[in-house]
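Asks: First, the structure itself, so that you have it in front of you.
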Amino acid sequence: MNRSCNLASYVGMVVALVIGGLTQPDWAACAEPVSKKPFDKPDFATVARPDPGKFKCLVVFGLYTHILRLDDAIAGWKHNGRNPPEFTWVNCPPDAVEAFPGSYDKLFAYNTIVLSDVNYKAIGNVGFEMLCDYVEQGGSLLVTGGPYALGNGEFEGSRFLQILPVNLSGPFDLKWAGKGKSWTLRPSADDMTLLAGLSFSQEPKVFWHHFVTPKKGAHVVLKAGDEPALVLGRYGAGKVAVLTLSPTGKGAAGEVPWWDWEGWSPLVKNLFSRLNDKQ
């Protein structure tokens, strides 16, 4: 097994995680090369698409996803004003997802897929290849941060990197603001649709987030301090949103964590609308 890593970075990250209240030492390892398995793909013109009378959302969730309260945040929202979301929840430990759609027909039946704190190993090459095809053929994907996500997810060399609207900075891209410190979440673009109904008067705080670089043509909607926090882009006929924030850390007295911010629910609703509009 060919591995290379920076010992100082490794030690520094583990120490920061312990101090910051996030202890997950088993993920702090160097990535192994991606192992790709060939498989036959269908004629995508023949693959079933979402039922127009329903809105189905697959959430592949990790250790801290419950803090996001996605089902509560989107309560009352209806796709095209008609169809409330139907959630399928799939638990995703870092070594293997408990269940993932085993066919293109099952996967393509979802209007939106959420990967929350998910690494490469959990779903594997075939699963991620199917997911990339899903987006390319018109599906919508939301990727959120966490200790196993993005640069910590061992995606090096995988096609998944191509569909993201951001370039990852590599292992240990999940940064801690520091003891007693935080970044303030703020709008980065004048986006009347995504920012509709949002107020930033609470100055929502971010304690951990992934440092990424937006790709050319990507749309940065929110920033944490000066760094991208919500980035949207396209891949093929589909849409992808990346939320670089990790729902971890503890703020000072009087600070409002971004996941408890009053703008979180309208943001989730607006984001689901944007990912599923026809434009």
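Asks: Among (1) out of contact with any Phe, Trp or Tyr (no Cβ under 7 Å at 6 or more places or on another chain); (2) at pLDDT below 95, which single condition is VAL126 missing?
Replies: Exception for VAL126: condition (1).
Asks: Scan segment 236-250 and tell me whether some residue there is touching an Asp or Glu at 6+ places or on another chain (Cβ under 7 Å) and either more than 21 Å from PRO85 (Cα to Cα) or without any contact (Cβ under 8 Å) to a residue 40 or more places away in the chain (or both).
Replies: yes
Asks: Quick one: is SER201 more than 26 Å from HIS66 (Cβ to Cβ) and of a type in the set (Ser, Thr, Tyr)?
Replies: Details: more than 26 Å from HIS66 (Cβ to Cβ): yes; of a type in the set (Ser, Thr, Tyr): yes.
Considered against the rule, which asks whether it is more than 26 Å from HIS66 (Cβ to Cβ) and of a type in the set (Ser, Thr, Tyr), SER201 comes out as yes.
Asks: Sort out which residues of segment 149-170 are modelled with pLDDT under 90 and either in contact with an Asp or Glu (Cβ under 6 Å, 6 or more places away or on another chain) or among the aromatic types (Phe, Trp, Tyr) (or both), and write them in order of number.
Replies: Selection gives GLY151, PHE155.
Asks: Of all residues in segment 90-141, how many are part of a helix (DSSP H, G or I) and closer than 21 Å to PRO42 by Cα?
Replies: 18
Asks: Can you pull out every residue in segment 233-255 that is among the hydrophobic types (A, V, I, L, M, F, W, C) and surrounded by fewer than 18 Cβ atoms within 10 Å (Cβ to Cβ)?
Replies: Those that are among the hydrophobic types (A, V, I, L, M, F, W, C) and surrounded by fewer than 18 Cβ atoms within 10 Å (Cβ to Cβ): ALA237, ALA252, ALA253.
Asks: Let me ask something additional. Could you please find all residues in segment 200-232 being crowded, with 20+ Cβ neighbours inside 10 Å and of a type outside the set (A, V, I, L, M)?
Replies: Listed by number, the residues that qualify are PRO204, LYS205, PHE207, TRP208, HIS209, HIS210, LYS223, PRO228.
The values are calculated or read from the model by the stated rules, or taken from the named source; none is laboratory data. In this text, all values refer to a predicted model and were calculated from it rather than measured experimentally. Glycine gets a Cβ as well: all are built from the backbone with ideal geometry, and neighbour counts include every protein chain shown.
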